[in-house]
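Note sheet for the following structure.
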Amino acid sequence: RVMTAPVTHSATAWGRIARTRMARAIEEGNAAGARAMLAKGLVALAIVAVAFFAVLWLVWPMVERWILGDRYPGIGAIGAVWALYACLTIQSTAVSFYFQAAERFRELSKASWTTAIAAISLVCLLSLDVPLATAAWAMVVGEAIGLAWMAWMMRQRDRIKSK
């Protein structure tokens, strides 16, 4: 998971700038402009993630040979799951910055709690005799649930405003 940190940090860096701009747009009555900033950010962050993980995939044989050796068999597959988790996390992070800009803290809190409860519940499976990769998959599922919930909340609010 450490190797995914540059990708997740890029989402935080983007959000620190974008949140202020999205908040200003919303305050000026330009919610569509704020959503457009979010959409552009989601695409840009996805491109960053794909580029980063493509490079990591290309150099992975060297990482295994020179750094990891034979100490961690199967770590590449677990790393791929963490990469998937990072891809979901950067999208969730970007959407959460939009929710912050729109001062939709209650909804963001509900999505965050849902994500945490889902992930923790699935991580509890580690008490059974399951592969260690279950923890990474639990985080992926939890993050996907939270991201889906935030997307649903955005669509609901947009639907209500359009009526």
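The values are calculated or read from the model by the stated rules, or taken from the named source; none is laboratory data. All values derive from a computational prediction rather than experimental measurement. Here the Cβ positions follow ideal geometry from the backbone for every residue, glycine too, while neighbour counts run over all protein chains shown. What goes into the accessible areas is simple: the full protein's heavy atoms, side chains included, and nothing from ligands, DNA or RNA. Shrake-Rupley method; radii C 1.70, N 1.55, O 1.52, S 1.80 Å.
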Among the listed residues A11, A5, A39, A44, which satisfies the condition of being in contact with a Gly (Cβ under 9 Å, 6 or more places away or on another chain) and among the aliphatic types (A, V, I, L, M)?
A11
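Restricting the search to the range 24-44, which residues are hydrophobic (A, V, I, L, M, F, W, C) and open to solvent by 70 Å² or more (accessible area, probe 1.4 Å)?
As a first pass, look at the range 24-44 and keep what is hydrophobic (A, V, I, L, M, F, W, C): 25-26, 31-32, 34, 36-39, 42-44.
Within the range 24-44, just V43 meets the criteria.
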Would you please name the residue that is farthest from A23 (Cα to Cα), looking only at residues in the range 93-117 that are open to solvent by less than 20 Å² (accessible area, probe 1.4 Å), free of Cβ contacts under 8 Å to residues at least 60 places away in the same chain and among the hydrophobic types (A, V, I, L, M, F, W, C)?
A111
Name the pairs: first residue in the range 133-158 and hydroxyl-bearing (S, T, Y), second residue surrounded by fewer than 20 Cβ atoms within 10 Å (Cβ to Cβ), Cβ to Cβ under 9 Å, at least 6 apart or on different chains?
T134/L122; T134/V123; T134/L125; T134/L126; T134/L128
Can you tell which of W66, W60 is of a type in the set (A, V, I, L, M, F, W, C), modelled with pLDDT under 95, open to solvent by less than 60 Å² (accessible area, probe 1.4 Å) and assigned to a helix (DSSP H, G or I)?
W60
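If we scan the range 102-116, do we find a residue that is of a type outside the set (D, E, K, R) and over 25 Å from R35 (Cα atoms)?
Restricting attention to the range 102-116, the residues satisfying the condition of being of a type outside the set (D, E, K, R) are 102, 105, 108-109, 111-116.
Filter once more, keeping what is over 25 Å from R35 (Cα atoms): 116.
Scanning the range 102-116 turns up at least one residue that is of a type outside the set (D, E, K, R) and over 25 Å from R35 (Cα atoms).
On the given criteria, is Y98 among the aromatic types (F, W, Y), in a helix (DSSP H, G or I) and closer than 25 Å to F52 by Cβ? Reasoning before the result, please.
Numbers: among the aromatic types (F, W, Y): yes; in a helix (DSSP H, G or I): yes; closer than 25 Å to F52 by Cβ: yes.
In short, yes.
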May I ask you to list the residues in the range 26-35 that are touching a residue at least 40 places away in the same chain (Cβ under 8 Å) and aliphatic (A, V, I, L, M)?
I26, A31, A34
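Just one of A116, A144, A135, A148 is in contact with a Gly (Cβ under 9 Å, 6 or more places away or on another chain) and either over 20 Å from N30 (Cβ atoms) or assigned to a helix (DSSP H, G or I) (or both); which is it? Quick ask: steps written out before the conclusion?
Working: A144 fails: in contact with a Gly (Cβ under 9 Å, 6 or more places away or on another chain); A135 fails: in contact with a Gly (Cβ under 9 Å, 6 or more places away or on another chain); A148 fails: in contact with a Gly (Cβ under 9 Å, 6 or more places away or on another chain).
Among A116, A144, A135, A148, only A116 is in contact with a Gly (Cβ under 9 Å, 6 or more places away or on another chain) and either over 20 Å from N30 (Cβ atoms) or assigned to a helix (DSSP H, G or I) (or both).
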